[in-house]
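Inspection log for the structure reproduced underneath, given as structure tokens.
Just so you know, all these numbers are worked out from the coordinates, no wet-lab data involved. All figures in this text were calculated on a predicted structure; none of them were measured in a lab.
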Amino acid sequence: MCDEDSYTFYFFSIQIQPDDMSCFTEDLSIMESLSLALQPYRESIGQIASIVTIAQFFAGTLVCKEIYEKKSTKGVNPTPFIGGIAIGILTLKLAFIMNDAAMFQVNVAAIILNTCYTLFYYNYAGDKYEEVLKPVGMAGGLTAVFLGYANWEDPSNVEFRYGLLLTMLMLLLLAAPLAELKTILDNEDASSIPFPLTFMATCVTFLWLLYGLAINNLFMVVQNVAGFLICALQLWLIYTYPGHRSDIKPKKKKQQ
């Protein structure tokens with residue numbers, strides 16, 4: 001059974017003796033069975049997911065390295081940094097609502113790191129207003145609207161409804177590279193999709209999927225199944241249409 005206005009979906013449970021479990025095996029859902037199997041490892045899965053997610057955030061250092069070498073932000077989009085701060089703040093609010101320590105740790109790290117990346121980008125930006133200040137203002141306004149809604153919403157509904165809005169926003173950002181899907185297919189070149197970030201995102205969504213199963217949270221499971229499939233599709237495109245990228249296939253030697 002589940003309450004459509006509750007963030008956590010609850011299954012009907014019965015207190016039974018271990019030797020009577022076989023009588024109810026057929027009545028257990030697949031998710032409930034997986035949850036029972038993963039529950040003893042809940043804390044470990046959450047910690048691993050947190051560590052891998054934080055490791056993913058350090059990919060921004062590679063972008064900063066590129067900016068430093070060029071002494072310019074030309075050709076580098078600040079959206080991942082600015083969006084990372086906004087998403088971090090919004091998800092931190094959700095962590096408070098859910099009282100989830102693992103989510104709290106991850107998003108504090110995300111906010112700190114992406115703030116550092118944004119400041120580094122700002123230092124080398126040619127047009128500081130258009131490239132940084134304007135997007136920061138827009139992200140700040142959107143963040144304020146979401147946080148205002150979370151504080152205004154009925155406490156009995158906020159977890160599900162705020163979580164749903166946040167999930168939609170995160171999935172849209174995650175699927176952003178697929179906006180060029182037609183061009184990728186027409187040119188048979190997916191080199192525009194960053195392999196390291198996509199690979200790490202695939203690992204992260206899979207780990208949080210396991211964590212969602214461990215805590216028996218259907219909303220988190222659905223969220224990360226969608227995220228994992230989006231990342232898996234991008235990985236498939238990368239390997240099917242590697243184009244001129246050097247991180248997937250070795251460069252061919254020039255013929256003498």
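Okay, here's what the table says:
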| quantity | calculated |
| --- | --- |
| Karplus 3J(HN,Hα) series, Hz, for segment 36-52 with 6.51 cos²θ - 1.76 cosθ + 1.60 (x for Gly, Pro) | 4, 6, 8, 3, x, 10, 3, 5, 5, 4, x, 5, 5, 4, 5, 5, 5 |
| Debye log10 I(q)/I(0) for segment 130-224, one point scatterer per Cα, at q = 0.16, 0.22, 0.24 Å⁻¹ | -0.94, -1.16, -1.18 |
| Two-decimal ratio, segment 31-240, of alpha-carbon radius of gyration to 2.2 N^0.38 Å | 1.07 |
| In Å, descending, principal axis extents of the Cα set of segment 33-141 | 54, 30, 20 |
